1. Between a first residue in region 170-189 that is farther than 27 Å from A79 by Cα and a second residue that is assigned to a helix (DSSP H, G or I), which pairs have beta carbons less than 6 Å apart while being 6 or more apart in sequence or on different chains?
2. Residues of region 55-91 being closer than 15 Å to G34 by Cα, open to solvent by 30 Å² or more (accessible area, probe 1.4 Å) and either part of a helix (DSSP H, G or I) or without any contact (Cβ under 8 Å) to a residue 12 or more places away in the chain (or both), which ones?
3. Within region 116-191, considering only helices (runs of 4 or more DSSP H) that don't extend past its boundaries, which have at least 3 residues that are open to solvent by 80 Å² or more (accessible area, probe 1.4 Å) and either closer than 23 Å to A3 by Cα or modelled with pLDDT of 90 or more (or both)?
4. Picking from Y28, Y5, which residue would you name as being within 20 Å of P157 (Cβ to Cβ) and either of a type in the set (S, T, Y) or without any contact (Cβ under 8 Å) to a residue 24 or more places away in the chain (or both)?
5. Would you point out the residue of region 63-79, among those that are more than 15 Å from F165 (Cα to Cα) and not β-branched (V, I, T), that is nearest to the chain's Cα centre (by Cα)?
Amino acid sequence: KSAEYFGLVAWFTLVVCPLQFYIAAIGYQLELKGDDDGHYASIFSAAYGSVAIFAAYGGRVADKVGCGVCQGFATLSTAISFLILTLPKSAGLGVQVFGMLLYSFGRLFIFAMYFSNIGRRFGFEHYGTLCGLGLLISAIWSLIQYPLLAWAVDSAPIGANMVCFAMMTVTLPYTAWLARRELAERRAAKT
């Protein structure tokens, strides 16, 4: 019932919907940009799966700098991936590989930081309940991905990508607040 838990769940809920939209729409969007044989869609699958090897390193970074910094990095990375999708076909598919890598790393960190932050900030006595409630709320909100997908297919995907970008960036003040709070807590613990 704390404002801090509400902020974490609001952040997670707002960013998960665009993450789900990206997965649903990436093949279609790459095809529109010239990926006629699915080569770049295959690159996305490989990138998406292979970033898991960095999970432990990401956890170590979070231990050093805090969840807020990592949440901000993850949110910004995935937001940029939506901007890259708005680039014209003339930009080439190579730049989309960079966007897919940003997305993949960002998504990994978003889920890791959500679960890590619950454990770190609220302990483990009610860990399952707190995680599960946030997952339920984000799953319901994520249903918005379907109208976004229909919009992207019925017209140009640029509008849906910009809505996803906005959904991601509107949460950045929360990550900055959390980063500042964690920094203050680390400084206080040293004194």
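1. none
2. Passing the criteria: L87, P88, K89, S90, A91.
3. By residue number, 127-141, 145-154, 172-190.
4. From the options Y28, Y5, the qualifying one is Y28.
5. Applying the filter and picking the extreme gives Q71.
The values are calculated or read from the model by the stated rules, or taken from the named source; none is laboratory data. Just so it is clear, the model here is predicted, and its values are computed rather than measured. Note that we place each Cβ from the backbone using ideal geometry, even for glycine, and neighbour counts take in every protein chain shown. The area values use the complete protein model at the heavy-atom level, side chains included, leaving out ligands, DNA and RNA. Shrake-Rupley method; radii C 1.70, N 1.55, O 1.52, S 1.80 Å.
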